[in-house]
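Please read the structure below before turning to the comments.
The values are calculated or read from the model by the stated rules, or taken from the named source; none is laboratory data. Since we're looking at a predicted model, the values are computed, not measured. Don't worry about glycine lacking a Cβ; one is built from the backbone with ideal geometry, like all the others, and counts go over all protein chains shown.
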Amino acid sequence: MTFEPEAKRERGFDHTTVEPKWQREWDEADVFHIEDDAKDPEYVLAMFPYTSGSLHMGHVRNYTITDAYARFERLRGENVLHPIGWDSFGLPAENAAEERDTNPRDWTMQCIDSMTEQMKAMGFGYDWDREVTTCEPDYYRWNQWLFKRFRDEGLVERQTAELNWCPSCETVLADEQVEGEAELCWRCDTPIEQREMKQWFFTITDYADELLSELDELDGWPANVREMQRNWIGRQEGDSVEFEVSNHGPVEIFTTRLDTIYGATYFALSPGHPVAQEIAEENDEVAEYVHRVEHDDDEEVDETSGVFTGEYATNPATGEEIPVYVADYVLEDVGTGALYAVPAHDERDHAFAKAHDIPIRQVVEPAADADEDPEDVDVQEEAYPEDGVLVESGEFDGLDSATARERFVEEFDGEHRIEYRLRDWGISRQRYWGTPIPMIRCDDCGHVPVPDEDLPVELPEFVHTTGNPLDAAEEWKHVECPDCGGDAVRETDTMDTFVDSSWYFLRYVSPDLETAPFDAERASDWMPVDRYVGGIEHAVMHLLYARFFTKVLDDIDLVDGVREPFTELTNQGMVLGEDGHKMSKSLGNGVSPQRIIDEYGADTARLFIMEAAQPEKEFAWSADGVQSSYRFLQNVYELADEYADGEVTDRTSDEAATGESADSPVADYVAREIDATIDTATDEYEAFQFNHALQAVRETLSLLRRYREHTAPDPETFERGLVAAVKILSPVAPHFAEEVWERLGNEGLLAEADWPAADAPDDYHIERRLVENTREDVRDIVETVGIEDPETITLAVSPEWKHRARDIAMNADGNVVGTIMGDEELRQRGEDAADFAKDLAARSEALDEQLSPERERAALERAAWLLEREFGADVVVQSAEDADPDLAGKAEPGRPAIDIAE
RNA sequence: GCGAGGGUAGCCAAGCUAGGCCAACGGCGGCGGACUCAAGAUCCGCUCCCGUAGGGGUCCAAGGGUUCGAAUCCCUUCCCUCGCACCA
């Protein structure tokens, strides 16, 4: 064997050939396919992407996380369901079609093609047989079918709602599509208008209570997401009572502070309240005010603005007549949009009263046990919003607030109510690229659903038009009424795309089923999703809607006993640009996944992303980091390649003599580290802390390199280490791992192999600490003493009696010295034992487990080579009996005596 | 304002839910050394201060407390991020 050419040979691997090769192999072996009859598989899911055209780093991170986890579970022998699909309806496709003079469908399909290609290039292992595309009729027909089932259940309503309307695009816009303070259409910069429209709604509020309460049980969800949903649902417990308003009849109010009713000094209506509107019709001043606040920006309207209506409301508690105002601070959609105001006990009411010169009357004062002294409360200056004890409240003086609220509901004919901030879900969109709502409007029969056998209602051909293309599709629009056969028109609105994503995870179970949205039995077995990973931006909308759907589907017996769709939820953090800012076009700090794949390969990108941070944390892209990941993979490959060529374990005649066998101390040391790494890596993968597992592998590889440099390694041990490392890397860097696996002469695919099994050796951590501490101590001594060239390092293990004394000290309660010296044998040690006992007594509370002298010695012998290597010195490990008594005397359990000779 | 999560050495970032093994994992950057003709790669150290045998001092936002002992538990304050918010 000639050395020179070997050394010069290019030993790395070429990702441009390796990665496609293994992608083909996986595909051919159908590795990621899961059979329909699989029992309760591990369901690992990433939020499916919107078909925007190409993957960005956020996608890459998201899908790398689930892919790594899915691969890990598969190697451990689990059945894994890891599907992918396309959230492919939505306005952006219509816009893109306009811009490119094509149609949404062609554009979307093109996006799917190129995104699929990129996903495959990333090596994501999906069961492509379960691919789901929401814009296909065989998917959206089930949106329509489910809409009808929801309607049968009374969960669909037609309501009037105020919406963002763009007069130029002639369509409603979602709140997030209205830009800036000026509220401009994101497409054409036209100022949007509020427009009242009749819309189809899902009455998600019917489930408000359960959606809220079950959040408490979602232990696998991040606290902030649960909190966001709680906020969004916004449960409020209070009471409603009626006030008689002169000339306008009874007006219902909602309050959480019914106890303060005696302090009401005015009544306030929101500008949108029906009674306010009524008054506006006859009162110019009110009309003007209502008009102003409806059209001005929020900023321009003073917080304490409002106008007296000239009307009075009768307080049911006092019989008193209080003035009625219309005030902008009263919100139409909070409570009933009307309230009685108690300036003494509400800050906003207080500010309003001050501005309008309305009396302030205190009716609650701090209770006796409150921090605040009633004397210090001056409600003329500042509202006192706390609960307390009633005053100036007629016969109810002295009641505490809570009791008063209960009494007053009865007393004033009110009703105890629970209100939610959550509104019903308006699903109508005046857009083309969505699921047609399967309804027909007949002048005689009203709204009639499209019969099931006529589903799907397919989208007509796309036409370029200013308004809703469905409205312009005359031929499509006009149909016979299914009930009376008369002339009728189709509903031309389509569904919010969040409907699509509310149940897609169920469609994966049986993507081709033609008789139902999904196979109920299988879904009941496979659901819920065990691991769901996606961006925090979906914390409320998508995740709330999906929870709602799941509960409804359970209630209408389409699934059995699945109340929540996602058991464990992870929100992956953002990938920031190198400058630490969010990647964006305007900052020019974006990194294209394609470029990284081309340049370094998918595995490098995947490894870098997974090493950089835990999934839920954000991190900044780093060219250095990518380099480091790339080099690491190349180095591991090189090491494996050399091993496979026999270069690592080849022995010179010298080495043959000194011999490295599997039972030598060095091999033993390495073997134990390998076991510990496997143990750690397994735990960390389970805990979704991939970076910790990867760190452990890096350490193991560093150790293998040192082993190899130190001696001709034992082949069996060395190979076991390599294999373990490669297997642990394989979920993250799968192509690379397959390549190494093959290079090491293994048959079959690594993707179908078994996860390495090993437990950390007994007391591994104690041993590791002993070794690390000893190495550090030696370094410390060499450093501080300034020993240039140590010749021999002698380590002497502490004698058995010290171990015993220590054990006694650990178990002694109270009199440590006494207990130790009570031991016959130790007492015979005299002075030495007494000193040591005193020493132990001083830190008796801090004593921890240590190895026996024999095991300490064995551990040090296993690790001796590390010191030999580091200091170029001979290392001698001695038992206390063999060592110089002066030296051995200095040793303690867990801390060998050290002597360094130059 | 309410709620959630945070503040760790030059930077990023573990550990903090089960207090001692924590001067505090790991990475980056920096410094020194080995190897090399050289560079790169790789390997070995160092990187709070002092110290000629494993020692001492000061540290984990700030202050206080509990404890033999606290980055870890409790209280207060300050700051940051996120969500909700003129919510009756």
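A few points about this structure:
- Answer from A:A383, A:A370, A:A341, A:A353 - the residue that is small (G, A, S), within 12 Å of RNA strand B (Cβ to nearest atom) and either modelled with pLDDT under 90 or touching a Pro at 6+ places or on another chain (Cβ under 6 Å) (or both): A:A383
- Filtering region A:599-622 to residues that are among the polar types (S, T, N, Q) and either modelled with pLDDT of 90 or more or closer than 11 Å to A:H735 by Cβ (or both) leaves only A:T604.
- Region A:845-868, residues that are part of a loop (DSSP other than H, G, I, E, B) and either more than 11 Å from RNA strand B (Cβ to nearest atom) or crowded, with 16+ Cβ neighbours inside 10 Å (or both): A:L847, A:Q850, A:L851, A:S852
- Single condition A:R779 does not satisfy, out of (1) near RNA strand B (Cβ under 9 Å from one of its atoms); (2) outside any helix (DSSP H, G or I); (3) under 48 Å from the mean Cα position of the chain (by Cα): (2)
- So A:G398, is it in contact with a strand residue (DSSP E or B) (Cβ under 8 Å, 6 or more places away or on another chain), surrounded by fewer than 15 Cβ atoms within 10 Å (Cβ to Cβ) and either farther than 30 Å from A:A546 by Cα or β-branched (V, I, T) (or both): yes
- Flag not set for A:G625, criterion: in a loop (DSSP other than H, G, I, E, B) and either at pLDDT below 85 or over 24 Å from A:F688 (Cβ atoms) (or both).
- In region A:624-644, the residue that is surrounded by the fewest Cβ atoms within 10 Å (Cβ to Cβ) out of those that are aliphatic (A, V, I, L, M) and in contact (Cβ under 8 Å) with a residue 40 or more places away in the chain is A:A644.
- If you go through region A:827-853 and keep only what is of a type in the set (A, V, I, L, M) and more than 47 Å from the chain's Cα centre (by Cα), you end up with A:A833, A:A834, A:A837, A:L840, A:A841, A:A842.
- Within region A:302-320, the set of residues being without any contact (Cβ under 8 Å) to a residue 60 or more places away in the chain and either under 19 Å from A:E252 (Cβ atoms) or more than 9 Å from RNA strand B (Cβ to nearest atom) (or both) comprises A:G306, A:V307, A:F308, A:T309, A:G310, A:G319, A:E320.
- Of all residues in region A:221-278 being closer than 27 Å to A:F408 by Cβ and charged (D, E, K, R), the one that is surrounded by the most Cβ atoms within 10 Å (Cβ to Cβ): A:D259
- Residue within region A:824-841 that is of a type in the set (D, E), within 13 Å of RNA strand B (Cβ to nearest atom), in contact (Cβ under 8 Å) with a residue 60 or more places away in the chain and not in a loop (DSSP other than H, G, I, E, B) present: no
- Neighbours by Cβ (under 6 Å, 6+ apart or cross-chain): first from region A:39-53, surrounded by 24 or more Cβ atoms within 10 Å (Cβ to Cβ); second assigned to a loop (DSSP other than H, G, I, E, B) and not aliphatic (A, V, I, L, M): A:V44/A:H82; A:T51/A:S88
- Residue satisfying all of: in region A:780-802; without any contact (Cβ under 8 Å) to a residue 60 or more places away in the chain and of a type outside the set (S, T, Y); nearest to A:Q878 (Cα to Cα) among these: A:W801
- Among the residues making up region A:427-467, a single one is closer than 17 Å to A:Q199 by Cβ, modelled with pLDDT under 90 and surrounded by fewer than 21 Cβ atoms within 10 Å (Cβ to Cβ): A:G467.
- Summed over region A:233-279, the residues that are closer than 19 Å to A:Y312 by Cβ and free of Cβ contacts under 8 Å to residues at least 40 places away in the same chain give a count of 5.
- Cβ-Cβ under 8 Å pairs, at least 6 apart or on other chains, region A:740-763 side within 20 Å of A:R71 (Cβ to Cβ), far side among the hydroxyl-bearing types (S, T, Y) and in a helix (DSSP H, G or I): A:V740/A:Y637; A:R743/A:Y637; A:L744/A:Y643; A:W755/A:T682
- Pairs with Cβ under 7 Å, 6+ apart, first in region A:192-212 and more than 30 Å from A:S168 (Cα to Cα) and at pLDDT 90 or above, second β-branched (V, I, T) and surrounded by 13 or more Cβ atoms within 10 Å (Cβ to Cβ): A:A208/A:I233; A:L211/A:I233; A:L212/A:I233
- Leading residue by the ranking (surrounded by the most Cβ atoms within 10 Å (Cβ to Cβ)) among those in region A:468-491 that are under 18 Å from A:Y432 (Cα atoms) and out of contact with any strand residue (DSSP E or B) (no Cβ under 8 Å at 6 or more places or on another chain): A:P469
- Members of region A:869-902 that are of a type in the set (A, V, I, L, M) and either within 11 Å of RNA strand B (Cβ to nearest atom) or part of a helix (DSSP H, G or I) (or both): A:L887, A:A888, A:A891, A:A897, A:I898, A:I900, A:A901
- Selection of first residues in region A:671-690 that are free of Cβ contacts under 8 Å to residues at least 24 places away in the same chain and of second residues that are surrounded by fewer than 18 Cβ atoms within 10 Å (Cβ to Cβ) and assigned to a helix (DSSP H, G or I), restricted to Cβ pairs under 6 Å at least 6 apart or on distinct chains, gives the following pairs, ordered by first then second residue: A:E684/A:H692.
Conditions tested, residue by residue: (1) surrounded by fewer than 16 Cβ atoms within 10 Å (Cβ to Cβ); (2) within 52 Å of the chain's Cα centre (by Cα); (3) outside the structural domain of A:D641 (by TED's automatic domain parsing).
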{"residue": "A:S730", "(1), (2), (3)": "no, yes, no"}
{"residue": "A:A758", "(1), (2), (3)": "no, yes, yes"}
{"residue": "A:N773", "(1), (2), (3)": "yes, yes, yes"}
{"residue": "A:G786", "(1), (2), (3)": "yes, no, yes"}
{"residue": "A:E791", "(1), (2), (3)": "yes, no, yes"}
{"residue": "A:E825", "(1), (2), (3)": "yes, no, yes"}
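- Looking at A:E578, A:E647, A:E568, A:E564, just one residue is under 30 Å from A:Y43 (Cβ atoms) and within 16 Å of RNA strand B (Cβ to nearest atom), and that residue is A:E568.
- Of the residues A:A796, A:A724, A:A812, A:A737, the single one that is surrounded by 17 or more Cβ atoms within 10 Å (Cβ to Cβ), at pLDDT 85 or above and not assigned by TED's automatic domain parsing to the domain that holds A:R706 is A:A796.
- Flag if A:V697 is under 14 Å from A:P756 (Cα atoms) and under 28 Å from the mean Cα position of the chain (by Cα): yes
- Those helices (runs of 4 or more DSSP H) lying entirely in region A:194-284 with at least 1 residues among the small types (G, A, S) and more than 12 Å from RNA strand B (Cβ to nearest atom): A:208-213, A:274-282
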